[in-house]
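Let me begin by presenting the structure, written as structure tokens, before commenting on it.
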Amino acid sequence: MLTFISDKFLALLKENQLDTFEKVWNHQVDWFEEPNERRGGWSGVGRIVLTQADGTMIGGYLKRQDNHCRTSWLHPFKGVPTFQREFEMMRYLARQGVCAPEVMLFGRNPVGDLKTTLLTKELAGFKPLENLTEELFNTHRPSLSVQRPIIKAVALLARQLHAAKVQHRSFYPKHLFVNMSDAQLPQVAVIDLEKSRINHVGILRSIIDLSVLNRHAKYWSRTRRMSFYLQYLGLKRLTPFAKWLCRRIVKRSNRVKRK
């Protein structure tokens, strides 16, 4: 597949002259993140605004890269573009019902080189968990009634992701986006899926991803972390296995901290 265009966004992309690889590749955009250059290739992200038929605007993130690949056991030498891997993972998560950015368009240069584009719909109304937590604690210490729904929503997203056999491999609070439109029932989406992969070993999915979250979940007290693990495991109280798992997560978190 050289180009994928979502049926849901096809009319919108045509209206904005962004319905082919060439148009997307040549579209002028200000970098949201400065291009990352390595091994003779580069990769960058920019934000764009598209005009809908009724005149309202919709935001999107346009990713472009050239010769920016990652190897895998299926592609051990040449590798595949990292945005292609992210596109495939986003499509897989959509089928699994895991909340992640919607793909509007994915394209590979039809002439056969490694120029790649990925256009996704902006997560309107969402904030990174990292920013949301800092905002809450910088103004006051939020009550349990405020914290509990957020922790529960993040835990359920992690459980859903791992139930789909996906290991994120970069499960930082900045990659978990929270929508607080309903404070008692927040919605959580996961982003930055370039490094994600299918891992059939459930214990490894949990230990590796959750040790990253545990290490970087600023302001979470020990009680809140315990609440997270109970929600993630679907338990009312810790079992011997759950205690072992928590110890492994904390041990890995602390081991990485000391490096």
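The values are calculated or read from the model by the stated rules, or taken from the named source; none is laboratory data. Note that the coordinates shown come from a computational prediction; the quantities given were computed from them, not determined experimentally. Glycine also receives a Cβ, built like all others from the backbone with ideal geometry; neighbour counts cover every protein chain displayed.
For segment 135-145, the set of residues classified as in a helix (DSSP H, G or I) and either among the small types (G, A, S) or surrounded by 15 or more Cβ atoms within 10 Å (Cβ to Cβ) (or both) consists of L136, S145, listed by residue number.
Of the residues Q65, Q17, Q84, which is among the polar types (S, T, N, Q) and part of a helix (DSSP H, G or I)?
Just one listed residue meets the conditions, Q84.
Looking across V111, V103, V80, V146, one residue alone is among the β-branched types (V, I, T), touching a residue at least 40 places away in the same chain (Cβ under 8 Å) and either on the phi < 0 side of the Ramachandran plot or outside the structural domain of Y61 (by TED's automatic domain parsing) (or both). It is V103.
How many of the residues in segment 107-126 are crowded, with 16+ Cβ neighbours inside 10 Å and over 20 Å from E86 (Cβ atoms)?
Counting residues in segment 107-126 that are crowded, with 16+ Cβ neighbours inside 10 Å and over 20 Å from E86 (Cβ atoms) gives 0.
There is no residue in segment 121-141 that is within 29 Å of F4 (Cβ to Cβ), at pLDDT below 90 and over 22 Å from the mean Cα position of the chain (by Cα). So for segment 90-97 (the condition being of a type in the set (F, W, Y), touching a Pro at 6+ places or on another chain (Cβ under 8 Å) and either modelled with pLDDT of 90 or more or exposed (fewer than 12 other Cβ atoms within 10 Å of the Cβ) (or both)), does at least one residue qualify? No, that holds for no residue. All of K152, K218, K174 fail the test of being farther than 29 Å from T117 by Cα, surrounded by fewer than 18 Cβ atoms within 10 Å (Cβ to Cβ) and touching a residue at least 24 places away in the same chain (Cβ under 8 Å), apart from K218.
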